[in-house]
Amino acid sequence: MNSIAGLIGIVGVDFNKTQSIYEANLNALRESAPDLVKKLSHFSPSPLFHLIHSDSSDPTLELEIGKGAKSILFHSRRDPKKEALRQIELQASDLPCFYFFAGLGLGYTLEALVEHYPKTINAILLLERDLTIFYYFLHRRDWSLLFSNPRFRIVISENPETITQDAMPFLPQIMSGGVRFIDHKPSFQIYPTFYTDAIEQFRLLLKRAAVESEFLIQHGALIQRNAILNLPAMCASHGLGPLRGFYRDQPAVLIGAGPSLNKNLHLLAVHRSKVLVFCVDTCYRLVREHGIIPDFVSAIDPTDLNVTHFEDIEPDPREVLIFESDVHPDIPRKWTGSSIFLNSEKAAINRWIEEIAGPFGNFEPGLSVGHTLFNAAAWMHCNPIILIGYDLAYPEEGGGTHADGTLYKRLVKKAVQEENHIILQPAPFHPSPCTEKIEWVLGVRGRKVPTSKTMAVFLRELSDRIKESKLTIFDATEGGALIEGTIPSRLDSILSTLESRPPLGDIVPFLEEHRDPQDEQRLLAFDQLIEGLQSAQDMAREAYNRSMALLMQYEDVSNHPVMDEEEWEKIDHAFWTIYRSDHIQTALGQALFSSLFLFLRQKREDDIPNRLTKYASVFKSVIQLSEEFIPYVQNSRDQIAQSCQDPPL
């Protein structure tokens, strides 16, 4: 089977052939990490590191510190393998999980894990700060089969923040089976700040991933469907990429839909000419009712409820819609003004559309529509940025969860700090009360305020992004949670100090100049995608039949069959071929998330029938989703083909 254990190649090492081992490892990395291989091809290791033999003849690595200081040994001088096995015995999981190795050394702990606990491995991520250490890691043994495994990734970086992007593809494995941290103490001794920061970044990712995983489990099929149906709108839209710095040093007000918006939205109408205005879709109707024409309206949520925010409102020609691929397709389809497609690398379909219809520019929208507004304004270098309606907390004294006049407003009672939950009262879109877990965070007035677990993650994400931006950010929400990195202020005080801004360049003609439609290439890419989906569907159907046939044999108690290794190999091969398929990832990746989540969530009692049932469930999902989604892809392809024939207005 295509397991990590079966691919590592547990063999002895002839240290007279370390160069040939090194070359084999470089060749194995060439496809997945070409830039790293290029760097290593001309790399000279630091002379401070030395390979030395241990008493067991296995090598260890030594770092010279300097005169009078004791050198650092990366592994035991007596028996590195035995030392590594002891560590793994203490840290290995009983159930399959995701392993995060912080520091490599020469790879003995990795080797011990794969040799002795292969069934506990869902996926492995290795992080190494020092290229010299990785250089010797590649010389010690042949890792080429491990490097070819899709459930293994290695990150060589001096920036601890890169770990977030590299870990994202493993989100199903991370959330389905938990995480084990395997630390390499000598690496921490040499680079304590790097590894501490990297683990903290990873822990923040886990909190984010918990929110995103829950969202994908509930809405994965919906957002995948929306993304495919939005493809014609994406191709007809502009990208945010060319707008970097377009509104440099122009003041901007960002309008969220928090309950504090009731206090000061009317003040913005008086000073509208002084600022650019960005608003979330939730309060778009309310903003228009106050006589304010926003420059940008952002929409990213996938449900049809969000369409209601735009019903019976005719967009002003000056307004620009910013939308993400997840958004309900009726929003960009019915929008009559200009639009910007906010592309990101979070899903394969986004990377695919960037390749065939871009460049839109890769842009991280954030976890919520409020993050999207901030990231867009920061990208355009608006400065200062003024936040209103960014409560990110429930009202201290109880009341509405959102501003008056918004669709999502619900009532809550005043919470007391001993409580860890809050009750949301019924509302038109949610006819039953519900209980929400809360945590207490520092409020803008210096007192603790209640917020939901999800909003707490949103708050930390926004604070981090604000601090990274180096821009002047005023929080004029006048309520809610304290947003670190902002200057708490009153909206009237800020706006009264601003002068009317000079006329700005028209953004729409600027964007039109940067369009480069390549419709014929797009249509060819659509045809290839449809063909690839049909091929994967055929493979899934055949593998499903194999799985069910084997399952019937094992359920026949009187038969007691011997496991058919060849059939297992075919089923396992089909699973990993489908799992790695670019076409499946592009058109079905998010829709399949919940099925993969359940497949990877192995339990101690995962015997052969249970495992076959899981295989069959994934294959059945691929078959059903392909049947549903291929017509969606075809429909979007036909719409784009029609737009190629229609003359521009």
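The values are calculated or read from the model by the stated rules, or taken from the named source; none is laboratory data. Computed from a predicted model, the values in this text were never measured in an experiment. As a convention, Cβ positions derive from the backbone with ideal geometry for all residues, glycine included, and neighbour counts pool all protein chains shown. All accessible areas refer to the heavy atoms of the entire protein, side chains included, with ligands and DNA or RNA removed. Shrake-Rupley method; radii C 1.70, N 1.55, O 1.52, S 1.80 Å.
Please work out the average accessible area per residue across the chain, using the 1.4 Å probe convention, and give it in Å².
45
How far is helix 261-270 tilted, in degrees, relative to the longest principal axis of the Cα atoms in the chain, given as a value from 0 to 90 rounded to the nearest 10?
60
Quick one: how many Å² of residue 323 are accessible to a 1.4 Å probe, rounded to 10?
0
Let me cross-check residue 76: its accessible surface, 1.4 Å probe, with only protein heavy atoms counted, in Å² to the nearest 10?
Accessible area, nearest 10 Å²: 30 Å².
Taking the Cβ-Cβ separation of residue 37 and residue 145 as r and a Förster radius of 22 Å, what is the calculated FRET efficiency to the nearest 0.05? Don't skip to the end; give the middle numbers.
On the way: r = 17 Å, r/R0 = 0.77.
It comes out at approximately 0.85.
What number do you get for region 251-359 when its Cα radius of gyration is normalised by 2.2 N^0.38 Å, N = residues?
With N residues counted in region 251-359, Rg over 2.2 N^0.38 Å equals 1.13.
Determine the shape class of region 121-196: with a ≥ b ≥ c the square roots of the Cα gyration tensor eigenvalues, call it rounded for a/c under 1.5, and otherwise prolate if a/b is greater than b/c, oblate otherwise. Spell out each step's value before the answer.
Numbers: a/c = 1.82, a/b = 1.18, b/c = 1.54.
Taking the square roots of the gyration eigenvalues as a ≥ b ≥ c, region 121-196 is oblate.
Could you check how much of the accessible area of region 47-187 is carbon and sulfur, as a whole percent, using a 1.4 Å probe? Write out the running numbers ahead of the final one.
Numbers: 2750 of 5670 Å².
Here carbon and sulfur together make up 48 percent of the probe-accessible area.
At most 14 other Cβ atoms within 10 Å and a DSSP loop assignment: could you name the GluC sites (Glu not before Pro) in region 59-99 that fit?
Listed in order of number, the matching sites are 64.
Rounded to the nearest 5, what % of DSSP beta bridges with both residues in the chain are antiparallel?
Working: 21 of 63 bridges.
Of all bridge pairs located within the chain, approximately 35 percent are antiparallel.
Which percent of the accessible heavy-atom area of region 228-301 goes to carbon and sulfur, probe 1.4 angstrom?
That share works out to 49 percent.
So for the pair residue 472, residue 201, with labels modelled 7 Å out along Cα→Cβ, what separation do we get in nm?
3.1
Note down the magnitude of the dipole of region 289-338 about its Cα centre, charges +1 on Lys and Arg C-beta and -1 on Asp and Glu C-beta and zero elsewhere, to the nearest 20 debye.
180
Which FRET efficiency, nearest 0.05, do residue 185 and residue 159 yield, Cβ-Cβ r, R0 30 Å?
In this case the efficiency is close to 0.85.
What nm distance separates the two modelled labels at residue 414 and residue 95, each placed 7 Å from Cα along Cα→Cβ?
Output for this residue pair reads 4.3 nm.
Share of region 388-452's accessible area from carbon and sulfur, percent, 1.4 Å?
Looking at region 388-452 in its full context, I get 54 percent from C and S.
Rounded to the nearest 20 Debye, what is the dipole magnitude of region 56-180 about its Cα centre when Lys and Arg each give +1 and Asp and Glu each give -1 at the C-beta?
The dipole of region 56-180 has a size of about 240 debye.
With labels modelled as points extended 7 Å from the Cα through the Cβ direction, what inter-label distance (nm, one decimal) is found for residue 65 paired with residue 634?
7.0
What do you get for GluC sites (Glu not before Pro) in region 296-330 restricted to DSSP loop and a cutoff of at most 13 other Cβ within 10 Å of the site's Cβ?
Passing sites in region 296-330 are 311.
Residue 328: accessible area at probe 1.4 Å, nearest 10 Å²?
30
May I ask you to derive the FRET efficiency for residue 535 and residue 624 from their Cβ-Cβ distance with R0 = 22 Å, giving the value to the nearest 0.05? Walk me through the intermediate numbers first.
Details: r = 16 Å, r/R0 = 0.75.
It comes to 0.85.
Could you state the number of Å between the C-alpha centres of region 286-343 and region 422-462?
Cα centroid to Cα centroid, the span is 26 Å.
Compute the Cα gyration tensor for the chain, then decide on rounded, prolate or oblate, letting a ≥ b ≥ c be the square roots of its eigenvalues: rounded whenever a/c is under 1.5, prolate when a/b is larger than b/c in the other cases, and oblate in all that remain.
prolate
In region 344-413, what GluC sites (Glu not before Pro) fall in a loop by DSSP, with at most 11 other Cβ atoms inside 10 Å?
Sites meeting the loop and neighbour criteria: 397.
Using only Cα atoms, tell me the angle between helix 565-580 and the longest principal axis of the chain; keep it within 0 to 90° and round to the nearest 10.
Approximately 30 degrees, to the nearest 10.
For the Cα atoms of the chain, what angle does the longest principal axis make with the long axis of helix 348-357, in degrees from 0 to 90, nearest 10?
The answer is roughly 70 degrees.
Where the centre of each part is set by its Cα atoms, how far does region 17-54 sit from region 113-171, in angstrom?
Taking the Cα centre of each part, region 17-54 and region 113-171 sit 14 Å apart.
Would you work out if region 392-435 is rounded, prolate or oblate? Take a ≥ b ≥ c from the square roots of the eigenvalues of the alpha-carbon gyration tensor; rounded if a/c is under 1.5, else prolate when a/b is larger than b/c, oblate otherwise.
Working: a/c = 2.70, a/b = 1.44, b/c = 1.88.
Judged from the Cα gyration tensor, region 392-435 comes out oblate (a/c at least 1.5, b/c at or above a/b).
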